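The values are calculated or read from the model by the stated rules, or taken from the named source; none is laboratory data. Keep in mind it's a predicted model, so treat the numbers as computed, not measured. Please note: Cβ atoms are built from the backbone with ideal geometry, for glycine as well, and neighbour counts cover all protein chains shown. With ligands, DNA and RNA removed, areas are computed over all heavy atoms of the protein, side chains included. Shrake-Rupley method; radii C 1.70, N 1.55, O 1.52, S 1.80 Å.
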Number of protein chains: 2
Amino acid sequence: MDRLDNALQQSLEDIVGPAHVHRDAETLAHYGRDWTRAIEPAPVAAVLPGSIGEVQAIVRLAVDTGLAIVPSGGRTGLSAGAVAAQGELVVALDRLDHIGDFSAVDRTVRCGAGVVTARLQAFAEEQGLFYPVDFASSGSSQIGGNIATNAGGIKVIRHGMTRDWVAGLKVVTGTGELLDLNRGLIKNNAGYDLRHLMIGSEGTLGLIVEATISLREPPGDLAVMVLGAPDMPSIMRVLDAFRGELQLHAFEFFSEDALARVIEHQGLQRPFETSCPYYALLEFAGGDDATLERAMALFESGVEGGWVLDGSISQSVAQARALWRLREDISETISRWTPYKNDISTRVSDVPAFLQEVESVVNANYPDFEIIWFGHIGDGNVHLNILKPDALPMAEFQARCGEVSRWVFEIVQRYGGSVSAEHGVGLLKKDYLLYTRSAAEIEIMRQIKRVFDPAGILNPGKIFDL
Amino acid sequence: MDRLDNALQQSLEDIVGPAHVHRDAETLAHYGRDWTRAIEPAPVAAVLPGSIGEVQAIVRLAVDTGLAIVPSGGRTGLSAGAVAAQGELVVALDRLDHIGDFSAVDRTVRCGAGVVTARLQAFAEEQGLFYPVDFASSGSSQIGGNIATNAGGIKVIRHGMTRDWVAGLKVVTGTGELLDLNRGLIKNNAGYDLRHLMIGSEGTLGLIVEATISLREPPGDLAVMVLGAPDMPSIMRVLDAFRGELQLHAFEFFSEDALARVIEHQGLQRPFETSCPYYALLEFAGGDDATLERAMALFESGVEGGWVLDGSISQSVAQARALWRLREDISETISRWTPYKNDISTRVSDVPAFLQEVESVVNANYPDFEIIWFGHIGDGNVHLNILKPDALPMAEFQARCGEVSRWVFEIVQRYGGSVSAEHGVGLLKKDYLLYTRSAAEIEIMRQIKRVFDPAGILNPGKIFDL
């Protein structure tokens, strides 16, 4: 459908008011895509409902008219889950941005789907509490989208994924029905947990309109340490040694190639003189002397054992931030090489062998490809990046990377890993879903979608084809 | 169906071997029920498969012959989820009791469904690790059953429910298909999380045959404190004050009526002289002096503020155990009064008002009923117990308790609570599901069941009728 007919436009305006139905090209380009850029957006319109009732009315209208809906949050996704490329109606939840009903006893707060992550973090802080899910897009991602994609980030090893912080969920299904799931209860074993089914379903089962979010006490002082290691098994040794004695809040890794680029292009200092094949960044609780002594003792035993080559520890908040930048600036730094990116996971113990297999196959076939590794290694989640050689035309690079994807996913499959650790499937990975989920599972997912969305109007074509 | 015809019996014996098909009355009585005693078991047979392949073959045979299956674990359930009262075939997973594939790096272990909880706990301890889900039936409950019912217990405030420790799940659906869900991954956002849908589905969506269980580092020294309080809001005040400064591993409560019975019938000592309306039992990390000082300071500020009347703290492991018995022996102690029991939850903040409403309505209608409260108050989970007055005939008591249930569930509904906090729905609570789940949700559950179990053979009639 290329354009809305007048009757449909009128119906949408009757629901949300004329000011909240958008058809101009600029607004449609804005609401029609996420942080992926590979697919041209082409929504028929964007509507911004101001209440849950309006969301329900829009869904019922879509059922009646056969119009497909793409739910839209902060559109910071990296798998094109929020891209509207097929003339869909974008339903942007931005205006459902109420935050309140805070309960100090329950440590919960009720948020509209459109509340921006950073605003929830700030709200928690005002109450003397903490919302621990954090990632690069916190300033624009929205709670509804975070839940729809089960967003992860840099604190998963300590605090889990978004899933772990959703105590209640209001969802509008594909029939316009409002489900009020779990209502903030800690214990509730009365029937199937539909809340967990909704979390991570990327808008294909329902539109998330409101959530009751759990908060926790603030983490207190955190120290940051960067350690250099001779190889990946040594990085795993570091993980095992440190998490046995310290409370880890983050355990990230990056390769020397990644560090070298960040140092060069961000004007940062190396954490220490020694250049090492791999680095681990550890964040752990406790600025107290006893904790720091334990950390130093572990560092020294690593050096003696040969699994640590050098290290640096933050002595202040500013130093901690500076060490974090070595890891956090990688993505932006390498973007100038328009890298091929892949977000994958295996069991933590399989990571070293997995990395080696991927490197072997890429190096054997394309020796001019430079691989940059980084990621949340404490969770088994690695980000594979391949930089485009300057001389190689983009189209050829993309074609070769298509091949690389197949090789990588075949290795993922062999290890029983996941083709999408934290970015979801959306459009970009649906062709690869079979590498990580069986045909029987995918058929079950299709049928579950039909239960919640019999008309097939909710984000059709995302995750799998119907 | 009252008896298996010869052909069917032969088919079962062909699958599992003659030694593992049971038809004698004693064995059927054993495998036909759980810890509930209200419903007479009447299974047609009990089979004990020795492999996942045998489970699949049994399911396919059941589909072909229309025989209903009741999956059976340790049968310690309290909602008749594992009762076979309608001539079903009991499929007992006892023989799937392998435990192994331990990974120190991943901190996971693979368990057959039939592994008894205490054996998993012991296995974890041998590896220097800890499996934190614990409850009274750990000595006989099995991992498969724990997962099927999302078992809770006494450490939920610190370590969550069984759900939080399942890193992977192998399930045989109602078509005999084997699903291998999540495979021990920490991060996996590739499609719907069917694992979480299975957890707590009480055998109605699939037979859990194997799980990859996460373990964690041991909790270290724990101290136990019992505090007396003048009323329920004061108990909540204790919760709020202590969890802000100490790492709580348990926060239980019980009433003076409960304590008095335990003291009298178990020959235990009161924790302190003062008799108080309510008691909180706190368990928290850290036997070190600083922690104990903080606990003492909180206790003193509670006494000054009037929200604590008296208290006692463990000075040794033996004392800690003795204090725990005051709470843990309640259930057994009051069993001689054949109490009416109900396992319900609300949001934590609603507990005091909820308790008061329940007491008011029961006292107004049945002033001779004695109410005993205890439970996992830090999770909003209370166990309501009403003792049968000696003079009242059992039938009349049960009839009146039927009325009480309606009143209680109406109050639960008003508070948005759950009719089953941790015991599941099974047969005993399915008539009350509408008090806690909407008609739309129940209809969705029915349809989801049809997706996994189109023939309707898996534990039919549990949770809801088809």
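Before moving on, here are some points about what is shown:
- Between 0 and 90°, nearest 10: helix B:394-414 axis offset from chain B longest Cα axis: 80
- For chain A, the 222 nm mean residue ellipticity estimated from helices alone, with every DSSP H stretch of n ≥ 4 adding -39500 (n - 2.57) and the total spread over all residues, rounds to -11000 deg cm²/dmol.
- Here the contact order of the range B:338-423, divided by its residue count and restricted to Cα pairs under 8 Å and six or more residues apart, works out to 46 percent.
- Cα-based helix-to-principal-axis angle, B:351-365 vs chain B, degrees rounded to 10: 90
- Note on A:Gln398 and A:Glu359: with the Förster distance fixed at 30 Å, the Cβ-Cβ geometry gives a FRET efficiency of about 0.90.
- By the Stokes-Einstein formula, at 0.692 mPa s and 37 °C, the range B:348-403 with its Kirkwood radius over alpha-carbon pairs has D equal to 267 µm²/s.
- Dipole-positive endmost among A:Ser331, B:Met394, B:Ile58 within the protein assembly as shown (Cβ charges, Cα centre): B:Ile58
- Across all Cα atoms of the protein assembly as shown, the radius of gyration (one decimal) and Dmax (whole number) stand at 28.4, 94 Å.
- Cα extents of chain B along the three principal axes, largest first (Å): 74, 57, 43
- Neighbours of B:Gly244, meaning other residues whose beta-carbon lies under 13 angstrom from its beta-carbon, give a summed charge of +2 when Lys and Arg score +1 and Asp and Glu score -1.
- Zone residues, the range B:151-178, relative to A:Gln447, backbone N less than 16 Å from point 7 Å out along Cα-to-Cβ: B:171-178
- Residue and whole-Å distance for the chain A Cβ lying nearest the axis of the A-onto-B rotation are A:His196, 2.
- Teacher prompt: B:Asp164 distances to equivalent labels in other copies, 7 Å Cα→Cβ, nm: 0.8
- Packing-based ranking, highest mean first, of A:78-89, B:32-43 given that Cβ atoms within 10 Å are counted: A:78-89, B:32-43
- In this Cβ point-charge picture (+1 for Lys and Arg, -1 for Asp and Glu), chain B has a dipole of about 900 debye about its Cα centre.
- Taking Cα centre as origin and charging only the Cβ of basic (Lys, Arg, +1) and acidic (Asp, Glu, -1) residues, the dipole magnitude of the range B:99-214 rounds to 200 debye.
- Within the range A:6-94: Cβ-based charge dipole about Cα centre, in debye rounded to nearest 20 (Lys, Arg +1; Asp, Glu -1): 220
- The range B:408-466, relative contact order in percent, only Cα pairs under 8 angstrom and at least six apart counted: 37
- Surface composition of the protein assembly as shown: carbon plus sulfur atoms hold 48% of the accessible area, using a 1.4 angstrom probe and ignoring ligands, DNA and RNA.
- Exceeding the 32 Å Cα-Cα cut-off - candidates B:Lys388/B:Lys430; A:Lys170/B:Lys388; A:Lys170/A:Lys430; A:Lys449/B:Lys170; A:Lys388/A:Lys449; A:Lys187/A:Lys341: A:Lys170/B:Lys388; A:Lys388/A:Lys449; A:Lys187/A:Lys341
- Residue-normalised accessible area of the range A:222-331, expressed per residue, 1.4 Å probe, Å²: 41
- Mean-position separation - Cα centroids, the range B:267-344 and the range B:390-466, in angstrom: 33
- Accessible area buried, both sides summed, chains B and A with 1.4 Å probe, Å²: 6000
- Of the peptides B:346-356, A:204-214, the order by per-residue mean of other Cβ atoms within 10 Å, starting with the highest, comes out as A:204-214, B:346-356.
- Chain A: angle of helix A:289-305 to the longest principal axis, Cα-based, in degrees nearest 10: 70
- Pairs of alpha carbons in the range B:40-191 whose separation is greater than 28 Å (percent): 22
- Counted by Cβ distance under 10 Å from A:Gly112, the other residues give a net charge of 0, where Lys and Arg count +1 and Asp and Glu count -1.
- Each principal axis of the Cα atoms in the range B:178-317 has its own extent, and those three values, largest first, are 58, 36, 29 angstrom.
- Shape class of the range A:11-122 from the alpha-carbon gyration tensor: oblate, with a/c at 1.5 or above and b/c at least as large as a/b.
- Peptide ranges A:299-310, A:369-380 listed from the most packed, as the mean C-beta count within 10 angstrom indicates: A:369-380, A:299-310
- Here the Kirkwood formula, the inverse mean of 1/r across different C-alpha pairs, assigns the range A:404-465 a hydrodynamic radius of 12.4 Å.
- Estimated FRET transfer efficiency (B:Arg414, B:Asp465; beta-carbon r; R0 25 Å; 0.05): 0.50
- Cα centroid of the range A:14-91 to Cα centroid of the range A:235-259, whole Å: 41
- Our summary gives chain B a relative contact order of 15 percent, counting only alpha carbon pairs under 8 angstrom and 6 or more residues apart.
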